[in-house]
């Protein structure tokens, strides 16, 4: 435990520009640095952008309900699917995973916040402002129209003179900063702040998956940032990184983007694996089967994720040798993924399975993800990909993984953890209806798209012609969207209804296994009255059922002593701060300065950011000590 | 609860099987109906992997199904199940199983890669190969046969049974060449010499094959289509001859005096083609120089499609051909949104119909000179 949980004695209050706020009203949501509140903000923002992305996708599907529709012009259609992709990947699903991590990692490892609470707030606000910046492009001349992977040279000034592309580049650039600092924050937290006794191999599996994910973020985002920076330079200052007329190689963008882009898939899906790996054991009343294999396969998947990027580029003319190499590295990922699926199944075997809504989502995830996985293996084969890439088959594949996989898992996660976060239960009976609508809808949307692709329908086409046999598949797909939307609306209804009128949840409504269930729902602001100890992966379950705990008494006493030492001066609850919000807001404004080449404004924003960073550093410790009953 | 869910799933699957029964997979641009050796190899691989996938999905689904039924919690049963943490032998076995499946997938795949994807080096090219320089433009295709001196657009003629080597280049953004029944995709990338080759064999039916750009190129991407026409040796020779027999530009101006061109509408169209400025962009061998980066219309009357494969131009339906061509000339944006062909006639231009009909008649006569002469006073006379 390298980082002390006890800050130096308070009192060193330097004169700050703004006093550290202490309010608790609506305004405090802007100044909060509590990981739980920020986790909630992440997930709610994720849902907001999920709604935006869903509206975009339903317009896309309406345009494709029949051949030769004229609902969206080609230009508007291009903007629509670009915004849909960016919104869903960067602003909806990935932040949901980070939001779960934010809320749950400290609770699951027995800590009282992340290592750097203000940095955490900064990360959230930067993500939100990056997303809002992107969203405003709709009202400022049009969203980007280059696809979510923005292939060069579509993005060059001559091919794309509008500002849409600038919004894409700058928004991702800003959002990436938020994601990076949060990743570092979470890694430091996991390494340093685990409860006494929680060795790495006693960490809950969700924490493990988040841990791997955050390393992926750190290694994957820099190549993207470089590529974004090159295009911003090309567009703003006339450099020629991607200008074919000056010898620029458009293929470079593809390499840099996918070195980021493939790990990004695992950045999205590993936290989902983690959530599933918590839900299935709880509702099977058994420990996760093969915990070490689950951990190692997660690490292996993450590691291999960096060695497969060119499978997105099989038809760019890399040659037979390179295609073979990247095909093999990709197919190998199927083995640890298969191991995970086996182990989830094996967890259920011999258990006592309860069909709660969360468990239904987990089961649906299992099947859906297996289907997305096998089409992934198919697409890892260059001869097949020569036909399937850039067709609706690929669209179907990655929606099975991202939508059917990650999103179903996060729905399961919401049903599982909502009682902990709010203290109220979501309706289980309505939940089952929602489950059938959402899961069934997703399959109805995406299963037909496999066939549309193989029948020759390229992706990103604004329309298709009659007579190609594509009508039935597209119509089914569009119907599916509305089935899923009905489910989503019911969910939104139940979400708000339950917040007010849900049944009280109690501390541990599911007979769950990890530490977050040992405290009240919702948890107190300082999370744990007493620092917990861990004697196994399912620390809380072991404390409920000591007959399964095989740790020897001496070790347990030792751990309890360590925990008491941590608590002996009371618990420091961090205060609030305006500076993360303000510096993030300055990045937001500065983004427009870069997009519109207003360098005066840009310099002002830069100075403001530097200034807020100083103010942030010197604003003093703030916060207060609490002494829950029974502690010193 | 589990029972309802599974009944539902079974119901859905039956629905899908019925749907599949009612849907054909040999549609005009289908990768599931391969007609040449390379797509057949790709298709064989797909079928093999699909069977393996089905086994995996049914295996996982089956174990899941049985577990959900067998191990569901029963009411009033509070006993804690055995807390097993794993089983090393089982896990090693399952990982080994996954590895075996992986090998079963990879071996045929790698063999197919080397059969279908290697680059043909210059020294391996034979005189028998058909070489075509393909250039992608927003949103059409230029096909240039360097050995034959033929330049055309949006329709690639190839003789049956020969190997076709395409040198792929792009004039602007990325494009991707895809004719599912004859060849998989290969991208057209600025500043990169990409090659794509494919072969047809005795089992490849002669006729028209549908292709489409598969890489986002903005604007009219969905409308950037093309056709590949597989000809018999004799038809291909005739097609070549139709191009090679046209005298080049200078010679033709002198010869045009002697040309017997009796249809006045075609004559009028030919003049209008220059007057309205069409000739500034569109080359027609022997008549118009055009611009090299715009579609070449030489022997336009032989085409099977219009506006890069957007409208059909069936060889046996002159009326439809004329109707489609006039619709295109009248309002190109209506046929193919965002394309770069200008609209040459105002909505209320009283002469529009007559002029468009004349230009259409002229364009359709290109390559069909003999037939047009014969039909004067017939279809084309009015």
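The values are calculated or read from the model by the stated rules, or taken from the named source; none is laboratory data. What you are looking at is a predicted structure, and each value in this text was computed from that prediction instead of being measured. All Cβ positions, even for glycine, are placed from backbone atoms using ideal geometry, and neighbour counts span all protein chains on display.
Taking the conditions exactly as written (surrounded by fewer than 14 Cβ atoms within 10 Å (Cβ to Cβ) and more than 7 Å from every other protein chain (Cβ to nearest Cβ)), does residue B:36 satisfy them or not? When the stated conditions are applied, residue B:36 does not pass them. Restricted to region B:307-322, and to residues there that are touching a strand residue (DSSP E or B) at 6+ places or on another chain (Cβ under 9 Å) and in a helix (DSSP H, G or I), the residue that is surrounded by the most Cβ atoms within 10 Å (Cβ to Cβ) is B:321.
Look at residue A:268 and say whether it is crowded, with 23+ Cβ neighbours inside 10 Å and within 24 Å of residue A:512 (Cα to Cα).
no
Checking region A:178-196 against the condition returns no match, with no residue being free of Cβ contacts under 8 Å to residues at least 40 places away in the same chain and part of a loop (DSSP other than H, G, I, E, B). The one condition from (1) at the interface with chain A (Cβ under 7 Å from one of its Cβ atoms); (2) in contact (Cβ under 8 Å) with a residue 12 or more places away in the chain; (3) in contact with a strand residue (DSSP E or B) (Cβ under 8 Å, 6 or more places away or on another chain) that residue B:133 does not meet is (1). Each residue in region A:362-390 was checked for being within 7 Å of chain B (Cβ to nearest Cβ) and within 23 Å of residue A:148 (Cα to Cα), and 7 of them qualify. Of the residues making up region B:78-116, those that are exposed (fewer than 13 other Cβ atoms within 10 Å of the Cβ), farther than 23 Å from residue A:335 by Cα and more than 7 Å from chain A (Cβ to nearest Cβ) are B:78, B:79. In region B:198-211, the residue that is surrounded by the fewest Cβ atoms within 10 Å (Cβ to Cβ) out of those that are closer than 29 Å to residue B:333 by Cα and more than 8 Å from chain A (Cβ to nearest Cβ) is B:208.
In region A:499-541, the qualifying residues are those that are buried (at least 20 other Cβ atoms within 10 Å of the Cβ) and farther than 23 Å from residue A:35 by Cβ, and the one that is farthest from the other protein chains (Cβ to nearest Cβ) is A:535. With respect to (1) without any contact (Cβ under 8 Å) to a residue 24 or more places away in the chain; (2) outside any helix (DSSP H, G or I); (3) within 10 Å of chain B (Cβ to nearest Cβ), the lone exception for residue A:242 is condition (1).
Summed over region B:267-306, the residues that are part of a loop (DSSP other than H, G, I, E, B) and on the phi < 0 side of the Ramachandran plot give a count of 16.
I need the strands (runs of 3 or more DSSP E) fully contained in region B:139-246, keeping only those with at least 3 residues that are farther than 26 Å from residue A:318 by Cα. Spell out how you get there, then give the answer.
On the way: elements: B:140-145, B:150-153, B:155-159, B:163-170, B:175-179, B:183-188, B:194-199, B:207-212, B:225-231.
Passing ranges, in order: B:150-153, B:155-159, B:207-212, B:225-231.
Within the option set A:409, A:439, A:396, being modelled with pLDDT of 95 or more, in a helix (DSSP H, G or I) and closer than 26 Å to residue B:30 by Cα holds for one residue only, A:396. Condition test on residue B:214, is it closer than 24 Å to residue A:74 by Cβ, more than 7 Å from chain A (Cβ to nearest Cβ) and touching a strand residue (DSSP E or B) at 6+ places or on another chain (Cβ under 8 Å)? Criteria not met by residue B:214. Picking from residues in region A:448-466 that are free of Cβ contacts under 8 Å to residues at least 60 places away in the same chain and at the interface with chain B (Cβ under 7 Å from one of its Cβ atoms), the one that is farthest from residue A:494 (Cα to Cα) is A:455.
If I filter region A:428-440 down to residues being surrounded by 20 or more Cβ atoms within 10 Å (Cβ to Cβ) and more than 12 Å from chain B (Cβ to nearest Cβ), which single residue comes out as nearest to residue A:518 (Cα to Cα)? Out of the qualifying residues, it is A:434.
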